[in-house]
Amino acid sequence: SYEEAQFLALNLDLPFMKIASMDVNNYPFLDFVARLGKPIILSTGASYLNEIQEAVDWIDIKEVPLALLHCILNYPTEDGNAHLGMIKDLQKNFPDKTIGYSDHTLPNDMKVLELATLLGATIIEKHFTFDRSEGGPDAEFSMEPHELKDLSENISLAHKAIGVGSFEMKSAEESNIKFRRSIYVVKDIKKGEKFTDNNIR
């Protein structure tokens, strides 16, 4: 609601505002939240591209930073229905925006979130609980502390494994460069004589 948004922005001084997918076409609300002057994270579940573009346009007028989260509006979402390719689609259509992923899959091994990161999601939103057995509407697809720890470690490893995308000598390779093939002389070569298969290998 408008009152809740204003309270969160002004009384708690949150660093950003998160807007759920259900408000992606609630343009007066988007305008109100944008006027609060906080960066906005907007989920895009069950939205058409033109609706997302319209929401972006409304928010951009207020010149606040905006991140878009790919989201499947289904609770819980089966891994096979995560449609993570949408992350790349959002990146293509909104190249000046930060793109992330809001996840509703079951925690399991958290591979969906790792894949989202590998596809370029720089923000990950996941429901969290200290104990799923305590129940609640989101408990089934919320992660627990040990799963958050595993996810953090696995994503850190994924980023480390991705490394840098440049064709330069990597430090891990330096000691083995000596094993590459090289040319050497197998018989005396006179000045001016051409190199051939007979005098070099």
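For the stretch 160-179, the count of residues that are closer than 29 Å to Ala116 by Cα, under 24 Å from the mean Cα position of the chain (by Cα) and surrounded by 10 or more Cβ atoms within 10 Å (Cβ to Cβ) is nonzero.
Within the stretch 1-29, restricting attention to residues that are of a type in the set (A, V, I, L, M) and within 16 Å of Asp60 (Cα to Cα), the residue that is surrounded by the most Cβ atoms within 10 Å (Cβ to Cβ) is Val24.
For first residues located in the stretch 1-14 and within 15 Å of Pro28 (Cα to Cα), partners that are of a type in the set (Phe, Trp, Tyr) and in a helix (DSSP H, G or I) and lie 6+ apart or on another chain with Cβ distances below 6 Å form the pairs Tyr2/Phe32.
Suppose the filter is within 20 Å of His83 (Cα to Cα) and of a type in the set (D, E, K, R); does Glu51 pass it? Give the steps one after another, and end with the answer.
Details: within 20 Å of His83 (Cα to Cα): yes; of a type in the set (D, E, K, R): yes.
Criteria met by Glu51.
Among the residues of the stretch 5-21, those identified as under 28 Å from the mean Cα position of the chain (by Cα) and of a type outside the set (Gly, Ala, Ser) are Leu8, Leu12, Asp13, Leu14, Pro15, Phe16, Met17, Lys18, Ile19. The selection criterion, being under 19 Å from the mean Cα position of the chain (by Cα), modelled with pLDDT of 95 or more and basic (Lys, Arg), does not hold for Lys62. Where helices (runs of 4 or more DSSP H) sit wholly within the stretch 30-128, those with at least 2 residues that are open to solvent by 40 Å² or more (accessible area, probe 1.4 Å) and more than 30 Å from Glu153 (Cβ to Cβ) occupy 49-60, 85-93. The listed residues are Lys126, Lys187, Lys178, and the only one of them that is of a type in the set (D, E, K, R) and touching a strand residue (DSSP E or B) at 6+ places or on another chain (Cβ under 7 Å) turns out to be Lys126.
The values are calculated or read from the model by the stated rules, or taken from the named source; none is laboratory data. Remember, it's a predicted structure, so these values are computed and weren't measured experimentally. Glycine also receives a Cβ, built like all others from the backbone with ideal geometry; neighbour counts cover every protein chain displayed. Just the protein is used for accessible areas: all its heavy atoms, side chains included, with ligands, DNA and RNA removed. Shrake-Rupley method; radii C 1.70, N 1.55, O 1.52, S 1.80 Å.
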